[in-house]
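Encoded as structure tokens, the structure appears first; notes follow it.
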Amino acid sequence: MKNTVQIPAGEPAGRVVCSSCGNKTDFVEIAENVLVTTRYVQNVDGSFTPEENDTEVYGEVKFICGQCGEDLTRYHAHFLEMSF
Ligand SMILES: [Zn+2]
């Protein structure tokens, strides 16, 4: 697994811009082989309420342009830092 962080050089500094179509608003994160574990509590009426939810990613995580599908995974680490 490569660990290079590339900081985008968009305007203003640090904005990711798709190198292929120029899109800077729509992005998609794709996680492969995700294990989602959710704990439930059964209520007296037989219904279930989710208590906590744990997601583990075993595969690759990709970050792509939401418009043309260009692979922007090199910006993924930056995306994680900037996603609130
Ligand atoms: Zn694009």
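Just so it is clear, none of the values below were taken in a lab; they were calculated from the coordinates. Since we're looking at a predicted model, the values are computed, not measured. Positions of Cβ are backbone-derived with ideal geometry, glycine not excepted, and every protein chain shown enters the neighbour counts.
GNM on the chain, C-alpha springs below 10 Å: top fluctuator among E52, E32, E70?
Result for the chain, Cα springs under 10 Å: E52 fluctuates most.
Given labels modelled 7 Å from the Cα in the Cβ direction, how far is it in nm from E32 to D71?
Going by the 7 Å Cα→Cβ label model, 1.0 nm.
Which of the listed residues, M82, V44, S19, is farthest toward the dipole's positive end in the chain, when Lys, Arg count +1 and Asp, Glu count -1 at the beta-carbon?
S19
Given 4 °C and 1.567 mPa s, how large is the Stokes-Einstein diffusion coefficient of the chain in µm²/s, with Rh as the Kirkwood radius over Cα pairs? Show your work: numbers first, answer last.
Working: Rh = 15.2 Å.
For these conditions, the coefficient is 85 µm²/s.
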